[in-house]
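The values are calculated or read from the model by the stated rules, or taken from the named source; none is laboratory data. These figures come from a predicted structure and were not determined experimentally. All Cβ positions, even for glycine, are placed from backbone atoms using ideal geometry, and neighbour counts span all protein chains on display. Heads up: the accessible areas ignore ligands, DNA and RNA and are worked out on the full protein's heavy atoms, side chains in. Shrake-Rupley method; radii C 1.70, N 1.55, O 1.52, S 1.80 Å.
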Amino acid sequence: MKKQIMKLAASLFIILGTVVLGGTTAKAAGFTITGETAPGPGEQVFTVSNYGEADHFSWSADGGFSGQFWLESGSSTRFSVPTNDYIVVQVSSEKNGSDFAVSRNEYPVTVYASYGGSRTQLTTLLFNMNQGSIDYTVDANVTVNGVTYTCTNGTTQYLYYGEGSSMEFIYEQVQQPDKYIDVYFTDTNGYMLGSDSFAVSYGNSVNYTAPAEYQANNRTYSAVSGQSMTISHRYDSARTSYSFTYAAQTAAPDKPYSVAIRLVDASSNEVFAAESMTIPAGGSNTFKVPGTYVAGTTSYRLAANQPASITHSADYTQRSYDVLYDVVSTKVEYQINIRFTDAVSGETLRTETITVPVDSVATYDLPSTVEANGHKYLLASGQASRLTHDYNKTARNYTIYYNEENSAQTASYNIGVQYVDVKTNSVLFRDTKQVTAGGSVKITAPASYQSAGNSYVMLSGQSGDVTHSYSNTRRNYIIYYRNVNDTENENTVVTEQVVNEIINENGETVVIPSAVATITNPAGTQTTVDQNGNLVTIPDEAVPLADGSQPETPEEQSPKTDDNEKQDLVNIEDEPVPLAAGAPEQASPNVLMITGISLAALAFLGACGILVVRKRKRV
């Protein structure tokens, strides 16, 4: 009785060790035995590794299981015991001794899902007997490859130890209803003309083509060009409607008209340039879309899927087209076009193309005469003789006007020359010189001058020699002197600048160079007057006419641009305060006294020109 109790205690001790440790590796003098994870329920697996001598081994386990095997030195073998219970296995060898191990009592459980008969492994679980049972839960509905399935055999399954090694969840496809997609037909103002719809069955797609014309409100509407009239809609698309735009058909215009071609930056959606083409009455025209385009300092390339040309018929209602471009570079050289034009007929006499390098200033000396069609043309009055174009300007086309020689437009004219006392504003001397077409005159003023028994000297900053060309718009020259006894103005300086008058003429912008003189007394007070002696006001922050390094002469002012550039312009007041009513000797007694109007810090002096805007007075 006592021996049976001792055996029972020993068995309980082994079982408790098995429960706590789960699987135990025992070490003997010449080999080891280890409990392993079984491949499935109904068996316990053990591994014997022999590091002793080659020998016959025998084993026995609870439940009356036993076996034998031969094992070479340095090799191992596995054997299984067909049971789900915890067991103790005793292994012995005559040469290597004996030892034991307890079973691990675990095996893997594979979880499967079957979608419409197609089996897929979801995961693998390790099932230990200590757990008693395991469970796994899946979603009730899943979508695989765009197809929706629902679980039909329960979303949670349980498995008890020893009952099986897999779980399988059965899914069947959910039958989806057809989707109905709305189609709307609207006019160019967004008003509804009509509608339609089409059905798309599950897993399929439908191609829908809208009509080229649509009847509504007792009128015929045509589809606006540029939109795709055929759509392809898949069942799994989230979109629920489409819209097509139509324009009411009208009678074709009986006169030519223009269509705008807008070049648009694809990234910013901003229009960076615009072109146009004329559509003849009853006909059509085709615009060739440029593959590359340079605007300002940016180079563009035609974007993908954009048309290489645009054809427009007279009966089309559309009046503009947008073409997308991608930015290629923001710093490239470009070309400007110069067109020599008959000022009377508008006929092009000649064209020139000039390359403008990056961050540079391009200059071109305009010819004073042009030969065309057997006629000689003279550079029209009021224009520069040199074109100066800064890289940062947006203009790309310039028009230079010429008049045919001996025409009414090339008649001679007179310029006036006056010497004026800067203190009294009285005229000391007046002269008139005639300028013939295509010619020039030289104005020479003395450094000192005698008048009415008084001696005068020219104020510094002025040139005694000036050459006036026929194309120069200037018509008066005032040279300022001071009485030798006028010590107050001994250090007064006259600085002459050339500015531009921007005049609106028949709806066009015309740029005319004009000279202004700034008189600076020793106290730093400045007074600015135009070529007629009228006081003008110029903003403190002037904008250079050219490269910002030298004030330009009248011959260096920029001519008219076809782009009608208006940036960098400043205003001269329409009604300047006069120094004199018609002539300098009738002005207020002292030019410098007028400076109380305050021109206190004119920063444009030194090396900058300015653009001045003033309306031309109509006669």
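For segment 421-466, enumerate the residues that are over 18 Å from VAL494 (Cα atoms) and touching a Lys or Arg at 6+ places or on another chain (Cβ under 8 Å).
Across segment 421-466, the qualifying residue is only VAL441.
Suppose we filter SER114, SER98 for residues that are of a type in the set (Gly, Ala, Ser), out of contact with any Phe, Trp or Tyr (no Cβ under 6 Å at 6 or more places or on another chain), part of a strand (DSSP E or B) and open to solvent by less than 50 Å² (accessible area, probe 1.4 Å); which single one remains?
That would be SER114, the only listed residue that is of a type in the set (Gly, Ala, Ser), out of contact with any Phe, Trp or Tyr (no Cβ under 6 Å at 6 or more places or on another chain), part of a strand (DSSP E or B) and open to solvent by less than 50 Å² (accessible area, probe 1.4 Å).
Each row is one residue, and each column tells you yes or no for (1) open to solvent by less than 90 Å² (accessible area, probe 1.4 Å); (2) modelled with pLDDT under 90; (3) closer than 28 Å to ASP322 by Cβ; (4) not in a strand (DSSP E or B).
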| site | (1), (2), (3), (4) |
| --- | --- |
| GLU172 | no, no, no, no |
| ILE181 | yes, no, yes, no |
| ASP196 | yes, no, yes, no |
| GLY203 | yes, yes, no, yes |
| GLN227 | yes, no, yes, yes |
| HIS233 | yes, no, yes, no |
| PHE244 | yes, no, yes, no |
| ASP254 | no, yes, yes, yes |
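Would you please name the residue that is farthest from VAL327 (Cα to Cα), looking only at residues in segment 258-275 that are free of Cβ contacts under 8 Å to residues at least 60 places away in the same chain and surrounded by 13 or more Cβ atoms within 10 Å (Cβ to Cβ)?
GLU275
Which one is farthest from TYR477 (Cα to Cα), of the residues in segment 402-420 that are of a type outside the set (A, V, I, L, M, F, W, C) and part of a strand (DSSP E or B)?
GLU404
Residues checked against (1) touching a helix residue (DSSP H, G or I) at 6+ places or on another chain (Cβ under 9 Å); (2) farther than 30 Å from TYR86 by Cβ; (3) not hydrophobic (A, V, I, L, M, F, W, C):
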residue: ASN105; (1), (2), (3): yes, no, yes
residue: GLY117; (1), (2), (3): no, yes, yes
residue: THR120; (1), (2), (3): no, yes, yes
residue: THR124; (1), (2), (3): no, no, yes
residue: VAL142; (1), (2), (3): no, yes, no
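Of all residues in segment 423-448 being modelled with pLDDT of 90 or more and open to solvent by less than 50 Å² (accessible area, probe 1.4 Å), which is farthest from the chain's Cα centre (by Cα)?
Residue satisfying both the conditions and the ranking: LEU428.
What strands (runs of 3 or more DSSP E) completely inside segment 21-60 contain at least 1 residues that are modelled with pLDDT of 95 or more and either open to solvent by less than 10 Å² (accessible area, probe 1.4 Å) or in contact with an Asp or Glu (Cβ under 9 Å, 6 or more places away or on another chain) (or both)?
Qualifying strands (runs of 3 or more DSSP E): 31-36, 44-50.
Would you confirm, using the coordinates I've provided, whether TYR191 is open to solvent by 40 Å² or more (accessible area, probe 1.4 Å), at pLDDT 95 or above and under 34 Å from the mean Cα position of the chain (by Cα)?
Against the criterion (open to solvent by 40 Å² or more (accessible area, probe 1.4 Å), at pLDDT 95 or above and under 34 Å from the mean Cα position of the chain (by Cα)), TYR191 does not qualify.
Give me the residue from segment 78-126 that is out of contact with any strand residue (DSSP E or B) (no Cβ under 7 Å at 6 or more places or on another chain) and among the small types (Gly, Ala, Ser) and, out of that set, farthest from VAL48 (Cα to Cα).
GLY117
Within segment 101-111, count every residue that is over 30 Å from ASP139 (Cβ atoms) and either assigned to a loop (DSSP other than H, G, I, E, B) or aromatic (Phe, Trp, Tyr) (or both).
Here the count works out to 3.
Within segment 459-492, how many residues turn out to be outside any loop (DSSP other than H, G, I, E, B) and within 20 Å of GLY439 (Cβ to Cβ)?
Residues meeting the conditions: 7.
Please specify each residue of segment 79-130 satisfying the condition of being at positive phi and without any contact (Cβ under 8 Å) to a residue 12 or more places away in the chain.
Result: GLY117, single match.
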